[in-house]
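First comes the structure, then the notes that go with it.
Nothing in this text is a laboratory measurement; each read-out follows from the coordinates by a stated rule. Note that the coordinates shown come from a computational prediction; the quantities given were computed from them, not determined experimentally. When we count neighbours, we look across all protein chains shown, and the Cβ atoms used for this are built from the backbone with ideal geometry, even at glycine.
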Amino acid sequence: MKRIMTIQDISCLGKCSLTVALPLISSMGVETVILPTAMLSTHTMFQGFTVKDLEDQMIPITEHWKKEKVHFDAIYTGYLGTEKEIDTVKKIIEDFRTENTVVFVDPAMGDNGRLYPAFDENYAAKNATLCGIADIIVPNITEAAFMTGSEYKEVYDIDYIKDLLKKLELLGAKTVALTGVSLEDGKTGVMGYDTFKQEYFLYQNTRIPTAYHGTGDIFSSVTIGAMMNGISWKDSLKIAADYTAHTIDITRNNPADPWYGVDFEATIPDLIDELKKYR
Ligand code: PXL
């Protein structure tokens with residue numbers, strides 16, 4: 001069985017970061033080892049959340065794992081609360097990485113042209129250095145614009161997306177994928193670029209006109225979970241885009257009208273069925 005180390009916060013209530021990564025990746029048949037960076041009462045879109053920084057535990061925990069000679073097939077990082085945490089994560093990656101480890105970085109820090117409340121431009125620049133040591137990165141357009149010092153556009157064409165992908169390549173990651181890319185009316189999806197093969201990949205599915213929190217974490221968890229099932233990065237991105245859209249669709253049709261996260265619990269069986277098609 002493949003084993004992933006995922007490094008992100010625990011938002012106890014809120015359906016994002018580790019409370020999404022752990023159930024989704026486990027359900028895909030991959031062992032999920034968690035390295036919590038902080039514990040929050042909720043994600044940061046709630047008012048009045050509490051935070052306990054756990055950064056001082058990260059090195060002692062991973063040193064213990066090192067002594068146990070644990071190997072990780074992938075290291076997947078998500079929302080990281082501080083620049084110091086990013087430095088610690090970079091050390092941990094360098095320490096555990098082998099030539100068979102996939103380093104997957106989701107620089108979760110903003111959306112819709114804005115950084116999340118806790119972050120500024122120095123934080124975005126630090127996240128760009130983490131992306132530089134990754135095998136694959138999956139920023140959205142907002143995150144890519146902040147990390148590359150580019151203009152954020154709501155309305156754009158394929159040349160803008162290709163230009164952002166080329167600028168992301170300069171950060172150093174081997175495969176770069178931009179999420180939330182809409183190149184046709186009523187469609188959205190992902191565009192990737194393999195820097196070795198110099199090949200682009202575009203996948204568009206139906207755009208559902210509702211935004212929910214934590215969907216980026218669902219997308220990333222499913223992508224790396226699928227890659228650990230031996231599926232190519234391109235097909236993994238497609239599976240993740242379809243699963244995320246399907247889950248949003250199920251959620252918006254829930255009469256209870258959930259607002260702080262999506263009903264991924266309801267769609268896990270569909271994800272498992274989809275994976276079976278690739279075996
Ligand atoms: O879903 C990304 C995320 C993860 N963790 C925390 C967050 C957010 C987004 O706002 O606040 C604590």
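Write out the trypsin sites (Lys or Arg not before Pro) in segment 144-240 meeting two conditions: DSSP loop, and at most 11 other Cβ atoms within 10 Å of their Cβ. Intermediate values should be presented prior to the final figure.
Details: sites: Lys153, Lys162, Lys166, Lys167, Lys174, Lys187, Lys197, Arg207, Lys234, Lys238; in loops: Lys153, Lys174, Lys197, Arg207.
For trypsin sites (Lys or Arg not before Pro) across segment 144-240 that sit outside H, G, I, E and B with at most 11 neighbouring Cβ atoms in 10 Å, the list reads Lys197.
Once the cut-off is 22 Å, how many percent of the Cα-Cα pairs in segment 42-185 end up in the long-distance tail?
On the way: 4470 of 10296 pairs.
Above the 22 Å cut-off, segment 42-185 has 43 percent of its Cα pairs.
Can you list the trypsin sites (Lys or Arg not before Pro) in segment 1-79 that are in a DSSP coil and have 15 or fewer other beta carbons within 10 angstrom? Before the final figure, lay out each step's value.
Numbers: sites: Lys2, Arg3, Lys15, Lys52, Lys66, Lys67, Lys69; in loops: Lys2, Lys15, Lys69.
Answer by residue number: Lys69.
In the chain, which whole DSSP H runs stretch at least 15 Å along their own axis (Cα) and average -0.5 or higher on the Kyte-Doolittle scale?
Working: long enough: 55-67 (19 Å, -1.33); 83-96 (20 Å, -0.67); 121-132 (17 Å, -0.43); 158-171 (20 Å, 0.32); 215-227 (18 Å, 0.95); 233-252 (28 Å, -0.42); 264-276 (18 Å, 0.08).
TM-like helix candidates: 121-132, 158-171, 215-227, 233-252, 264-276.
Under a cut-off of 19 Å between alpha-carbon atoms, report the aspartates and glutamates in cross-link reach of Lys69, not counting same-chain residues fewer than 8 places apart.
List returned: Glu31, Glu94, Asp95, Glu99.
Quote the relative contact order of the chain in percent (integer), defining contacts as alpha-carbon pairs under 8 Å separated by 6+ residues.
16
Would you work out the Kirkwood radius for the chain? I mean one over the mean of 1/r across all pairs of different Cα atoms, in Å.
On the way: mean 1/r = 0.0533 Å⁻¹.
Radius from the Kirkwood sum: 18.8 Å.
Which GluC sites (Glu not before Pro) in segment 123-218 sit in a loop by DSSP (not H, G, I, E or B) and have at most 11 other Cβ atoms within 10 Å of their own Cβ?
Working: sites: Glu143, Glu151, Glu154, Glu169, Glu184, Glu199; in loops: Glu151, Glu154, Glu184.
Sparse-neighbourhood loop GluC sites (Glu not before Pro): Glu151, Glu154, Glu184.
With loop defined by DSSP as not H, G, I, E or B, and exposure as at most 11 other Cβ atoms within 10 Å, which is the longest segment of the chain clear of exposed chymotrypsin sites (Phe, Trp or Tyr not before Pro)? Provide the component values of the computation, followed by the final result.
Working: sites that count: Phe196, Trp259.
The segment 1-195 is the longest one with no such site.
Using Cα pairs under 8 angstrom and six or more residues apart, how large is the relative contact order of segment 58-105, in percent? Don't skip to the end; give the middle numbers.
On the way: 30 pairs, mean separation 25.6, N = 48.
Dividing the mean separation by the residue count of segment 58-105 yields 53 percent.
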